[in-house]
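Contents: one structure, followed by commentary.
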Amino acid sequence: MAKLVMLTLLGLGLALFRDHRASYQTRLNAFREVKPVELPNCNLVKGIESGSEDLEILPSGLAFISSGLKYPGIKNFEPDKPGKIFLMDLNEENPTVLELRITGSKFDHSSFNPHGISTFTDEDNTVYLLVVNHPDFKSTVELFKFQEEEKSLFHLKTIRHKLLPNLNDIVAVGPEHFYATNDHYFVDQYLRSWELYLGLAWSYVVYYSPTEVQVMADGFDFANGINISPDGKYVYISELLAHKIHVYEKHANWTLTPLKSLNFNTLVDNISVDPVTGDVWVGCHPNGMKIFLYDPENPPGSEVIRIQNILREEPKVTLVYADNGTVLQGSTVASVYKGKLLIGTVFQKALYCEL
């Protein structure tokens, strides 16, 4: 009888393991291959060799790019070097990148590990750059003031909070006010790996201000990118492993109400919003397994999608760019400026295209 019980329990355990493995592979799109969609005028950006995980373009055409992300389980080509913030002027005919100098006595350059970024421009045209940072694989938000003439960032403040333990992306709604995604619930690496494998949809979105910090949305299977509509009325959140983008209505008290969700056949990463048209641009991973299990002989591909009229019942979704990893590996973000497209990656290069 005891043997029968043990065999039954073992069989149930194996069945559960197979179910979770199948679910894990499905969530990662483990068997999907990429059919290339090319753009005619594209060039790799010189000077970026260790990722361009997130980027933000100012109305003036100046683009901030975060580079050098070190993230558990993800490839990094320069593991011994601190991360950087690059500046790129998209008004130039052949734009190049410049590393922004960071000043401020209390900022630790050696542990700088930038992830998601966002800008906020004050009424006096002061530009603030908010950067998700992972010093020693912890999570902080670094607040900088952009000094355009000096081509530098002045460090103003480091923000920490118990509701910001696993930050991924951020969208600023004030100099010290923002929404941010936590892509995991657990902080411990062992528990994080099981959370990911089992598909525990426990990650969440937080609103932060100096006087109030509150969870505004939860129940995500890896909350990732976040951004806001040009009129400030809607917040967009990408759920990476559910292949979804969620639209939330934002209220005057900063709370969020779910409005709709869009499904995709790709892992949706960072979200950019065209300030002129309101179009949503998303960097995507067609096969997430290739991101977590990097093989230079079979590298991860890249996809960029554009969503027009996202609030309508049937938005128009266009696959603008797709590559099997031959040119661009692991695209995370895409943003446009006056007919030009800039695509970033988690650990590799960046691509600049004329649309």
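The values are calculated or read from the model by the stated rules, or taken from the named source; none is laboratory data. In this text the structure is predicted, and so the values were computed from the model without any measurement. Methodologically, a virtual Cβ is constructed for each residue, glycine included, from the backbone with ideal geometry; neighbour enumeration extends over all protein chains shown. Note: accessible area is taken over every heavy atom of the protein model, side chains too, but ligands, DNA and RNA are not part of it. Shrake-Rupley method; radii C 1.70, N 1.55, O 1.52, S 1.80 Å.
Of all the residues that make up segment 142-198, how many are among the aromatic types (F, W, Y) and closer than 22 Å to E99 by Cβ?
3
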Checklist entry - Is segment 183-199 home to any residue that is of a type in the set (A, V, I, L, M), surrounded by 19 or more Cβ atoms within 10 Å (Cβ to Cβ) and in a strand (DSSP E or B)? => result no
Next on the checklist: Can you say whether K151 is of a type in the set (D, E, K, R) and touching a Leu at 6+ places or on another chain (Cβ under 8 Å), as far as the supplied structure shows?
Outcome noted: yes
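Each row is one residue, and each column tells you yes or no for (1) at pLDDT 95 or above; (2) over 23 Å from F120 (Cα atoms); (3) touching a His at 6+ places or on another chain (Cβ under 9 Å).
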| site | (1), (2), (3) |
| --- | --- |
| L167 | yes, no, yes |
| I170 | yes, no, yes |
| V173 | yes, no, no |
| Y185 | yes, yes, no |
Checklist entry - Inside segment 329-342, can you point out the residues that are touching a Lys or Arg at 6+ places or on another chain (Cβ under 9 Å) and among the hydrophobic types (A, V, I, L, M, F, W, C)? => result A334, V336
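Taking the residues in segment 151-168 that are open to solvent by 40 Å² or more (accessible area, probe 1.4 Å) and in a loop (DSSP other than H, G, I, E, B) as candidates, determine which candidate is farthest from Y71 (Cα to Cα). Give the steps one after another, and end with the answer.
Start the filter on segment 151-168 by keeping residues that are open to solvent by 40 Å² or more (accessible area, probe 1.4 Å), which leaves 151, 154, 156-158, 160-163.
If we keep only those that are in a loop (DSSP other than H, G, I, E, B) too, we end up with 151, 160-163.
Numbers: K151: 28, R160: 19, H161: 20, K162: 20, L163: 19 Å.
Only one residue fits best here, namely K151.
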Checklist entry - Which members of segment 302-348 meet the condition of being open to solvent by 30 Å² or more (accessible area, probe 1.4 Å) and within 19 Å of the chain's Cα centre (by Cα)? => result R306, L319
Next on the checklist: Return the residues of segment 129-155 that are closer than 23 Å to T211 by Cβ and touching a Lys or Arg at 6+ places or on another chain (Cβ under 6 Å); say none if nothing qualifies.
Outcome noted: T140, L143
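Residues being in a strand (DSSP E or B) and either free of Cβ contacts under 8 Å to residues at least 24 places away in the same chain or open to solvent by less than 10 Å² (accessible area, probe 1.4 Å) (or both): count how many of those fall in segment 108-141.
Taking segment 108-141 first, the residues in a strand (DSSP E or B) are 114-121, 127-133, 140-141.
Adding the requirement that they be either free of Cβ contacts under 8 Å to residues at least 24 places away in the same chain or open to solvent by less than 10 Å² (accessible area, probe 1.4 Å) (or both) leaves 114-118, 129-133, 140-141.
Result for segment 108-141: 12.
Among the residues of segment 218-241, write down those that are over 22 Å from N309 (Cα atoms) and open to solvent by 10 Å² or more (accessible area, probe 1.4 Å). Spell out how you get there, then give the answer.
Going through segment 218-241, the residues over 22 Å from N309 (Cα atoms) turn out to be 218-223, 241.
Across segment 218-241, the qualifying residues are D218, G219, D221, F222.
So if I check each of H251, H184, H246, which one is in contact with a Lys or Arg (Cβ under 8 Å, 6 or more places away or on another chain), of a type outside the set (S, T, N, Q), free of Cβ contacts under 8 Å to residues at least 60 places away in the same chain and farther than 21 Å from K138 by Cβ?
Numbers: H251 fails: in contact with a Lys or Arg (Cβ under 8 Å, 6 or more places away or on another chain); H184 fails: farther than 21 Å from K138 by Cβ.
Just one listed residue meets the conditions, H246.
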Checklist entry - Among the residues of segment 62-82 satisfying the criterion of being of a type outside the set (F, W, Y), closer than 19 Å to N270 by Cα and in a loop (DSSP other than H, G, I, E, B), which is most open to solvent (accessible area, probe 1.4 Å)? => result K75
Checklist entry - Does segment 321-331 include one or more residues that are over 23 Å from N76 (Cα atoms) and free of Cβ contacts under 8 Å to residues at least 12 places away in the same chain? => result no
Next on the checklist: So the check is Cβ under 7 Å with 6+ separation or different chains; which pairs have a first residue in segment 46-63 that's in contact (Cβ under 8 Å) with a residue 40 or more places away in the chain and hydrophobic (A, V, I, L, M, F, W, C) and a second one that's open to solvent by less than 10 Å² (accessible area, probe 1.4 Å) and assigned to a loop (DSSP other than H, G, I, E, B)?
Outcome noted: I57/L90; A63/L90
